[in-house]
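Coordinate-derived values only; no laboratory data. Given the structure is predicted, the values throughout are model-derived calculations rather than measurements. Please note: Cβ atoms are built from the backbone with ideal geometry, for glycine as well, and neighbour counts cover all protein chains shown.
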Number of protein chains: 2
Amino acid sequence: MNYFLGIDMGGSGIKMAITDEKAQILDKTSIEMNLKADPKTILSQTLSEASKLKFYDKVKAAGFGSAGDIDYKKGVLRYAYNLPQWKNVPVKRLLQKMSGREVFMDNDANIAALGAFWIDLKGKCENLICITLGTGIGGGIIANKKIYRGSSGSAGEIGHISIKFDGTPCNCGNIGCAEAYLGGKNFQNYCRDYLKDKKDALVKSMTDGKISNLTIEILYEAALKKDKEALFLWRYYGEKLGVLIASVLNILNPDCIVFCGGLSKAHNFFEKSMKEEIAKRAFKTPAKICRIIFSKYSNVLGSVGAAMLPNHQKQKKQRRCRQDMR
Amino acid sequence: MNYFLGIDMGGSGIKMAITDEKAQILDKTSIEMNLKADPKTILSQTLSEASKLKFYDKVKAAGFGSAGDIDYKKGVLRYAYNLPQWKNVPVKRLLQKMSGREVFMDNDANIAALGAFWIDLKGKCENLICITLGTGIGGGIIANKKIYRGSSGSAGEIGHISIKFDGTPCNCGNIGCAEAYLGGKNFQNYCRDYLKDKKDALVKSMTDGKISNLTIEILYEAALKKDKEALFLWRYYGEKLGVLIASVLNILNPDCIVFCGGLSKAHNFFEKSMKEEIAKRAFKTPAKICRIIFSKYSNVLGSVGAAMLPNHQKQKKQRRCRQDMR
């Protein structure tokens, strides 16, 4: 049996997991992220923590993923919006030297997609789209069982499909991006604005009288308590998400869409309106054949996906070749 | 040298070409489509015409493409909106029996993409999107040098990305699809409506006083004559197309987008506004690396792409395998 280490670095913490080649988690841990520390120190701390994990000695290769603009071939983290110290850091080279193992690298959206492919689908899926509903809306594409990266490694930005060309401005500079409606911060702002004049909403009583205290978490709690306004807002969220997913089904015709990320926790409150919108908008066959899954494994998709990277990059060649020889 | 026959069947005619394995056209012809005749008769007439082409005797295999819902694996044309006689026609089986050659099949958008890949890009492209600007807006995706069909064969419907969720209703049932703005018929209707109150427009003098006579062709002619209103309308067309392409660049990060189809002829009048819109909206790197081409070969992309199908389906396996063995 071969073992792999996966590292998933984010703005708030670094998650690690050791898996076997079928993506079974054998051990896992995490450390907090120090945004001020220099990258080498962080990578060294990470490996020091990882080395305490069970089976670390047997780890054959490692995968590393993070947000940002990543040159996956060279293994360089060029730039990440929320990681100011990390500019043109040769993560692959550094980690290889420190760990003595071969290291593979990709961005957070792609490792989450690979994690979903292995954990949620057990590898039984041809074309998968993994959509992270978080502060932003991330997307990773698996096409023909392979990560689809596009020509300069930035494919999958599903959150930056404009769903309304003259709609809400998006941080990216475009107008009407899905993220401008569905990204956690943007949706939170929309809700604050919407609730301003709503006097009796239970959800308002949960913000200590200040609508600027409203968070997605509170909106979720209020929906659990069946607050009408909160339920209305989650339905609105589902409608806009349905618009996006209908387009994704029409272009990419996947057999599976997996949602993960903080906001997917609230899916009980937006799944119905999302599916109604998809039924109204998408082509019938792609809508029918596509399974929609809300992952229960959001927390580990990234680290497990990272752990599956070495396998993914190496084995796909052998596998294809064997298939073709038959 | 191996030779291939490509057949591209549309609502108005059937185009045929014989090519070598590098997509060089050696001979070509076409016949009119008889929408009332039964499919077997049409296929027989097609082959009879094809057999007069130079090098037909040396043809090793054939490819067939048409609009509609196609089961490319079984080689069945299940249904096509504009071909009422063609329901569940086993085209592959019929053509194989009639011609004595192996036949491969795909839809018009995918064979156009394959044609563009070979003719416009000479096979030197990893990820290509081919967009047909015709009555409707078609799309074909080449990912990692392979046709990307999705999980039920309907991927690539780029015209049915909603660019405005509360916009113009689309024939497909969705709202605000790119096709509702950019499809030839829809754009024509938009122009007729827009021009209704414009008294001095030259383009109106070209419609014999009846705005219902306005066609895309007339709008193009008027732009050639520098009519301000016609130029304005083509700029509008480019803006909306730019919205769509920005989203496509963000999701798919292709190295090339090829436009074909009747309306692409007018690109001199919409290319500038399209590119300005892309520059405003798309992520910088994918926008920068992507070449945008207006194909000069719209007429033969389908038949040549069809001729390349046998090669595509067979050789990719061998090629991959050889690469992987290195």
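Key figures for this structure:
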item	result
Point-charge dipole on Cβ atoms (K/R +1, D/E -1) for region A:102-165, about Cα centre, debye to 20	220
Proximal aspartates and glutamates to B:K87, defined as alpha-carbon separation beneath 18 angstrom and excluding residues fewer than eight positions away on the same chain	B:D8, B:D38, B:D69, B:D71, B:D106, B:D108
Neighbour-count order for A:Y79, B:Y220, fewest beta carbons within 10 angstrom listed first	A:Y79, B:Y220
Charge dipole magnitude, Cβ of K and R +1, D and E -1 - region A:124-294, Cα centre, debye nearest 20	360
Nearby lysines by direct alpha-carbon distance to A:K204 (threshold 27 angstrom, same-chain neighbours under 8 apart not counted)	A:K185, A:K196, A:K225, A:K226, A:K228, A:K240, A:K265, A:K272
Per-residue Cβ neighbour rank within 10 angstrom, fewest leading, A:C260, A:C172	A:C172, A:C260
Contact order normalised by residue count of chain A, Cα under 8 Å, 6+ apart, percent	20
Additional length obtainable on full extension of the chain from B:A279 to B:N213, 0.36 nm per residue less Cα span	20.2 nm
Potential extension, B:R93-B:S44 segment - 0.36 nm per residue separation minus Cα distance	16.4 nm
Positive dipole terminus of region B:123-294, leading residue within B:A222, B:I147, B:I161 (C-beta point charges)	B:I147
Kyte-Doolittle mean at least 0.0 and Cα axial length at least 15 Å: DSSP H helices in chain B	B:108-119, B:228-252
Averaged over A:176-188, number of beta-carbon atoms from partner chains that fall within 10 Å	1
Distance (nanometres) between label positions extended 7 Å along Cα→Cβ at A:N34 and A:N268	4.1
For region B:259-308, with +1 on Lys and Arg beta carbons and -1 on Asp and Glu, the positive-most of B:F259, B:P286, B:G302 along the dipole	B:P286
Distance histogram for chain B (every C-alpha pair counted, 10 angstrom bins, percent rounded to whole numbers)	6, 25, 31, 24, 12, 2, 0
FRET efficiency for A:E126 and B:K296, using Cβ-Cβ distance with R0 set to 56 Å, rounded to 0.05	0.95
Nearest-0.05 FRET efficiency for A:K58 and A:K198, computed from C-beta distance (R0 45 Å)	0.20
